[in-house]
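Beneath this line is the structure, given in structure tokens, with notes to follow.
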Amino acid sequence: MKSDMSIRTARKWVRAFGICAVIAALMPALFGTIPAAVVCVTLVLFFLAAAVYTARRWLRCPHCGRALNRNDGAFCQFCGQSLEPEKEDGK
């Protein structure tokens, strides 16, 4: 199963969306108004949805196609194949 985003890049995006969600969750404490809180909750939901979508769409084993879930290792927990792209000799 081929995808246009590497597993390493997808992991970075999922983490970035998670960090943005945490920052947005902490913002109402700074502003303290109801409209700001509503905007911040909306941002939190958006970033969490983006993280889930990215994880479900691109964090898949390139060999068996199964979702990697919370696997941060170098090998698929289902088929045991390497998750890193193979480097060609001479490059």
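Bear in mind these aren't lab numbers, they're just calculated from the coordinates by the rules spelled out. Keep in mind that what you see is a predicted model, and the values were worked out from it rather than measured. No Cβ is skipped: glycine too gets one built from the backbone with ideal geometry, and neighbour counts run over all protein chains shown.
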### Message
Using the Cα centre of the chain as the reference point, and only Cβ charges (+1 on K/R, -1 on D/E), how large is the resulting charge dipole? Debye, rounded to the nearest 20.
### Response
140 debye
### Task
Provide the gained length on full extension for the span GLN81 to THR42, in nm with one decimal, where the gain is 0.36 nm per separating residue minus the Cα-Cα distance.
10.1 nm
### Task
For helix 7-31, report the angle its Cα long axis makes with the longest principal axis of the Cα atoms of the chain; keep it between 0 and 90° and round to the nearest 10°.
10 degrees
#### Entry: Cysteines in the chain lacking a second Cys C-beta under 4.7 Å
CYS20, CYS40
### Net charge over other residues, Cβ less than 14 angstrom from the Cβ of GLY18 (K, R count +1; D, E count -1)
+3
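For the range 1-78, what is the relative contact order in percent, using Cα pairs closer than 8 Å and at least 6 residues apart in sequence? Let's see the in-between values first.
On the way: 71 pairs, mean separation 28.6, N = 78.
So the answer I get is 37 percent.
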